[in-house]
Amino acid sequence: METRRLGGSGLTVPVVGMGTWRTFDVRGATAEADAARVVDAALESGAAFLDSSPMYGQAERVLGATLQGRRERALVATKLWTTDDADARAQAERALAWFGGRVELYQVHNLLAWPRRLSLLEALRDEGRVDALGATHYRADAFPELRRVMESGRITAVQVPYNPHEREVEHTILPLAAELDIGVVVMRPFGEGDLLRRAPGDTELEPFHAFGVRTWPQVLLKWILSDPRCHVAIPATSRPAHMAANAAAGEGPWFGADERSRVVRLASA
Ligand SMILES: NC(=O)c1ccc[n+]([C@@H]2O[C@H](COP(=O)([O-])OP(=O)(O)OC[C@H]3O[C@@H](n4cnc5c(N)ncnc54)[C@H](OP(=O)(O)O)[C@@H]3O)[C@@H](O)[C@H]2O)c1
């Protein structure tokens, strides 16, 4: 698995990681053991950048439990998601307890109360409990505000959607991130699964074999990561085999402009 420097965050990240929205919002021994097997696959394949949020129900707690005894093998990215200051402190203390006292990338989810949330995260960073700070939003109409946060100098990473159906970041966020040396985490690489509903056939995928990818999800991940301004993509999955297949897209050779255009055409067919 290729690794990249996550902008000026001080973190070096594998180019493929994993998200936990929906897939890790589970309860009970059987479901949590299934989640642990997905984490096994992520760690075995080097996709050890794991993203969560208090917005995802049980996901932070379940992810923390799956990392018991092997926390040092993962980079944990999570978020604060509240407008209430006392709630924010409680979210942080809970997450830090679940993640062994440390969070590598702590983000402000959906920019909620971001000036005050960043003050809390800066204090946690000063205490040595958090390595890097970021901010996330999933909607293009919030990107002007996200740009203001980037320009504030208070964060070193952003998390945004990027896939052949959602390309707004190409004009609004990626150029500024590159200019300011801000790391880019790519959420929703498969458009929450929408891009996988009609996969191109084997013949259409053949031109991508030379790039070490054979399946449509792998081609989509390689499309994202072939833009060097993107540092890590975090597909969510409930299946260990899908995790391993996704991780296999995390190595060069990378697509050039022709292959990237071909992927966009296939995605809009
Ligand atoms: N900050 C924000 O505002 C925000 C918003 C949205 C998402 N996110 C983050 O980004 C992460 C990813 O986005 P997402 O969860 O919305 O969707 P996604 O990663 O674009 O798509 C997830 C879907 O893809 C399927 N999938 C994954 N790998 C596959 C493979 N190899 N073959 C076939 N199907 C595959 C999964 O089904 P299976 O379970 O069957 O594999 C799942 O249904 C989230 O989990 C979360 O951490 C953040």
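A few comments on the model shown:
- Of the candidates Ala92, Ala132, the single residue that is over 20 Å from Gly8 (Cα atoms) and among the aliphatic types (A, V, I, L, M) is Ala92.
- Some residue of segment 251-269 being in contact with a strand residue (DSSP E or B) (Cβ under 9 Å, 6 or more places away or on another chain) and surrounded by 18 or more Cβ atoms within 10 Å (Cβ to Cβ): yes
- Condition met for Val213 (within 13 Å of the ligand (Cβ to nearest atom), of a type in the set (A, V, I, L, M), surrounded by 16 or more Cβ atoms within 10 Å (Cβ to Cβ) and not in a strand (DSSP E or B)): yes
- Selection from segment 68-85 of residues that are assigned to a loop (DSSP other than H, G, I, E, B), over 21 Å from Arg4 (Cβ atoms) and either touching a Leu at 6+ places or on another chain (Cβ under 8 Å) or within 15 Å of the ligand (Cβ to nearest atom) (or both): Arg70, Trp81, Thr82, Thr83
- When Arg27, Arg22, Arg37 are checked against the criterion of being touching a residue at least 12 places away in the same chain (Cβ under 8 Å) and not in a loop (DSSP other than H, G, I, E, B), a single residue qualifies: Arg37.
- Taking residues in segment 41-64 that are within 11 Å of the ligand (Cβ to nearest atom), and partners anywhere that are among the acidic types (Asp, Glu), the pairs with Cβ atoms closer than 8 Å and at least 6 places apart or on different chains are Ser52/Glu60; Ser53/Glu60; Tyr56/Asp25; Ala59/Asp25.
- Yes/no for Arg188 being within 13 Å of the ligand (Cβ to nearest atom), among the charged types (D, E, K, R) and crowded, with 18+ Cβ neighbours inside 10 Å: yes
- Complete set of residues in segment 198-218 that are out of contact with any Pro (no Cβ under 8 Å at 6 or more places or on another chain) and either closer than 28 Å to Ala74 by Cβ or of a type in the set (D, E, K, R) (or both): Arg198, Asp202, Glu204, Glu206, Val213, Arg214, Thr215, Gln218
- Residue-level check: of (1) more than 26 Å from Ala249 (Cα to Cα); (2) in contact with an Asp or Glu (Cβ under 8 Å, 6 or more places away or on another chain), Thr30 misses just (2).
Quick note: the coordinates plus some simple rules give every number you see, no bench work behind them. This is a predicted model, so every value here is computed, not measured. Virtual Cβ from ideal backbone geometry, glycine too; neighbours counted across all protein chains shown.
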